[in-house]
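Novice: To start, I am sharing the structure in question, which I have written as structure tokens.
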Amino acid sequence: MSDVALHYGLFGVGRCGCVHGEILLAQGQRLVALGDEHPAALANAVDRLGIPSAVTFSEPTSMARSGLLDAVVISSHTKNHARDAEPFVRAGIPVYLEKPLTADLREGFSFIKAIGTEKNRLQIGLQRRFDEALCYAKQLLDEQHVGEIREIRSILRDQHPPPATYSSRGLIIDMGIHVADEVIWLTGEFPSAVWARMFRAKGYRSPIDEGGDTAHVGFTTPTGTIGRLDLSRTHSSGYNNETYIIGTKGTLHVGRFCGYPGPIHVELWTDQGTLHPRSKTFPMTESPKHCAEFQPRFQRAYELAHSRFREAVWEKKDFAVTQTDVLQAQVVVEAAHRSALNCGVEFAVARSNDWDEYERLCQAHGLFADEDTPLDR
């Protein structure tokens, strides 16, 4: 029955919400309900998506109880994710939730305790796990083409600042979640130490303050892998996503910057300095109307993420990226965010399969303290 259209709701209809809505409509799904606490955003979404018949809601509980929905996409402000998602989870409606899980790590643990750890409750919108180029890179890594991983560096650079309506605790929290999840997924490892610095580049202006416009996040893993996340809003030549992986037998480079329209390179280099025949290129997507700068690079990944979500709904399977997956990345960016606030001091991090122990570890490592509280080190 996977070819039968689902009746979707969309709660949170700003820039990213409308991107999701356009994808769903293009895939032949029925977008029957829109929700947002801001009437102007609702009116804009109805017009932009061309669905005047959609029922509109100003809060999530009434939408969840409406009886209209087979599934819902939630793309509201990060600070409202738990509040907006929980009514749908409790109503048994499958949820596609934009990253991150919550704005606050303590709230993240509370939210998971409230909804459970089952993998059929919600799928998180970390689209890199569905990106064809990165999935191919993951395959090459798993086949040991670069040997043991020595270093990994993931780059995410926007060309433009976020819109004035964007809400964020900081650049590392909201931007870093993507690449933190990427490196955990690609390496199969969780960091043991994290540090970071924030910077303000010259000639950059933004309608919001994210604590800086450029961040460098460093980390190491228990096996000695060295990692770095480069984040910025200041890449004047265009949207830039790259991943470098240096191993004992070779190097893998995904997404060498070549502007729009691409293509997306996956370059596998041998220990002889030659390009391996398994190297490959993937096309970017032609820019749709109202195009956000990330869409040409990741439009196909978003489409695949939604297709996989529906497949799991119809077949009653586990979702591909869940609340427990994203919390790992959230722990890393929380540590990095706090390190940057404290001039790059190193934070220890650890995970556990026991959720009470996991929460205690985060608290012991200073990830629940008030940000303004001086570190006792």
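Novice: For the stretch 339-377, which residues satisfy the criterion of being polar (S, T, N, Q), modelled with pLDDT of 95 or more and loosely packed, with under 13 Cβ neighbours inside 10 Å?
Specialist: Ser352
Novice: Return the total of residues in the stretch 290-339 being in contact with a helix residue (DSSP H, G or I) (Cβ under 9 Å, 6 or more places away or on another chain), outside any helix (DSSP H, G or I) and of a type in the set (Asp, Glu).
Specialist: Of the residues in the stretch 290-339, 1 are in contact with a helix residue (DSSP H, G or I) (Cβ under 9 Å, 6 or more places away or on another chain), outside any helix (DSSP H, G or I) and of a type in the set (Asp, Glu).
Novice: Okay, moving on. Given the criterion surrounded by fewer than 21 Cβ atoms within 10 Å (Cβ to Cβ) and at pLDDT below 95, identify the matching residue among Gly262, Gly224, Gly250.
Specialist: Gly262
Novice: Just wondering, is there one or more residues in the stretch 281-303 that are within 22 Å of Cys135 (Cβ to Cβ), surrounded by fewer than 17 Cβ atoms within 10 Å (Cβ to Cβ), in contact with a His (Cβ under 9 Å, 6 or more places away or on another chain) and not acidic (Asp, Glu)?
Specialist: Yes, some residue in the stretch 281-303 is within 22 Å of Cys135 (Cβ to Cβ), surrounded by fewer than 17 Cβ atoms within 10 Å (Cβ to Cβ), in contact with a His (Cβ under 9 Å, 6 or more places away or on another chain) and not acidic (Asp, Glu).
Novice: Moving on to the next point. Answer yes or no: is there a residue in the stretch 44-51 that is at pLDDT 95 or above and assigned to a strand (DSSP E or B).
Specialist: no
Novice: Pro222 fails exactly one of the following numbered conditions: (1) of a type outside the set (Lys, Arg); (2) without any contact (Cβ under 8 Å) to a residue 40 or more places away in the chain; (3) outside any loop (DSSP other than H, G, I, E, B); (4) under 19 Å from Gly188 (Cα atoms). What is the number of that condition?
Specialist: Of (1) of a type outside the set (Lys, Arg); (2) without any contact (Cβ under 8 Å) to a residue 40 or more places away in the chain; (3) outside any loop (DSSP other than H, G, I, E, B); (4) under 19 Å from Gly188 (Cα atoms), only one is false for Pro222: (3).
Novice: Would it be correct to say that Ala336 is of a type in the set (A, V, I, L, M, F, W, C) and surrounded by fewer than 20 Cβ atoms within 10 Å (Cβ to Cβ)?
Specialist: It is false that Ala336 is of a type in the set (A, V, I, L, M, F, W, C) and surrounded by fewer than 20 Cβ atoms within 10 Å (Cβ to Cβ).
Novice: Which numbered condition trips up Pro94, out of (1) within 18 Å of the chain's Cα centre (by Cα); (2) touching a residue at least 60 places away in the same chain (Cβ under 8 Å)?
Specialist: Single failed check for Pro94: (1).
Novice: Just checking, how many residues over the stretch 345-368 are of a type in the set (Gly, Ala, Ser), in contact (Cβ under 8 Å) with a residue 12 or more places away in the chain and out of contact with any Asp or Glu (no Cβ under 9 Å at 6 or more places or on another chain)?
Specialist: 2
Novice: Considering each residue of the stretch 177-211, count those that are at pLDDT below 95 and either assigned to a helix (DSSP H, G or I) or touching a helix residue (DSSP H, G or I) at 6+ places or on another chain (Cβ under 9 Å) (or both), and give that number.
Specialist: Of the residues in the stretch 177-211, 2 are at pLDDT below 95 and either assigned to a helix (DSSP H, G or I) or touching a helix residue (DSSP H, G or I) at 6+ places or on another chain (Cβ under 9 Å) (or both).
Novice: Can you find a residue that is part of a helix (DSSP H, G or I), assigned by TED's automatic domain parsing to the domain that holds Ile173 and among the charged types (D, E, K, R) anywhere in the stretch 340-354?
Specialist: No - not one qualifying residue is present in the stretch 340-354.
Novice: How many residues are surrounded by fewer than 19 Cβ atoms within 10 Å (Cβ to Cβ), in contact with a strand residue (DSSP E or B) (Cβ under 9 Å, 6 or more places away or on another chain) and touching a residue at least 40 places away in the same chain (Cβ under 8 Å) if we restrict to the stretch 193-213?
Specialist: Going through the stretch 193-213 one residue at a time, the tally reaches 4.
Novice: Checking the conditions here, which among Ala137, Ala114 is touching a residue at least 60 places away in the same chain (Cβ under 8 Å) and either in the same structural domain as Val183 (by TED's automatic domain parsing) or surrounded by fewer than 21 Cβ atoms within 10 Å (Cβ to Cβ) (or both)?
Specialist: Only one candidate passes the filter, namely Ala137.
Novice: Looking at Ser62, Ser58, can you tell me which residue is surrounded by fewer than 16 Cβ atoms within 10 Å (Cβ to Cβ), out of contact with any Asp or Glu (no Cβ under 9 Å at 6 or more places or on another chain) and at pLDDT 95 or above?
Specialist: Within the list Ser62, Ser58, the selection yields Ser62.
Novice: Among the numbered criteria (1) in contact (Cβ under 8 Å) with a residue 24 or more places away in the chain; (2) out of contact with any Cys (no Cβ under 7 Å at 6 or more places or on another chain); (3) among the hydrophobic types (A, V, I, L, M, F, W, C), which single criterion is violated by Leu31?
Specialist: The failed condition is (1).
Novice: May I ask you to list the residues in the stretch 159-192 that are surrounded by fewer than 21 Cβ atoms within 10 Å (Cβ to Cβ) and more than 21 Å from Thr225 (Cα to Cα)?
Specialist: Listed by number, the residues that qualify are Gln159, His160, Pro161, Pro162, Pro163, Ala164, Thr165, Tyr166, Ser167, Ser168, Arg169.
Novice: Could you list, in sequence order, the residues of the stretch 138-176 that are in a helix (DSSP H, G or I) and within 18 Å of the chain's Cα centre (by Cα)?
Specialist: Result: Lys138, Leu171, Ile172, Ile173, Asp174, Met175, Gly176.
The values are calculated or read from the model by the stated rules, or taken from the named source; none is laboratory data. Worth saying up front: this structure is predicted, and the values here are computed from it rather than measured. Please note: Cβ atoms are built from the backbone with ideal geometry, for glycine as well, and neighbour counts cover all protein chains shown.
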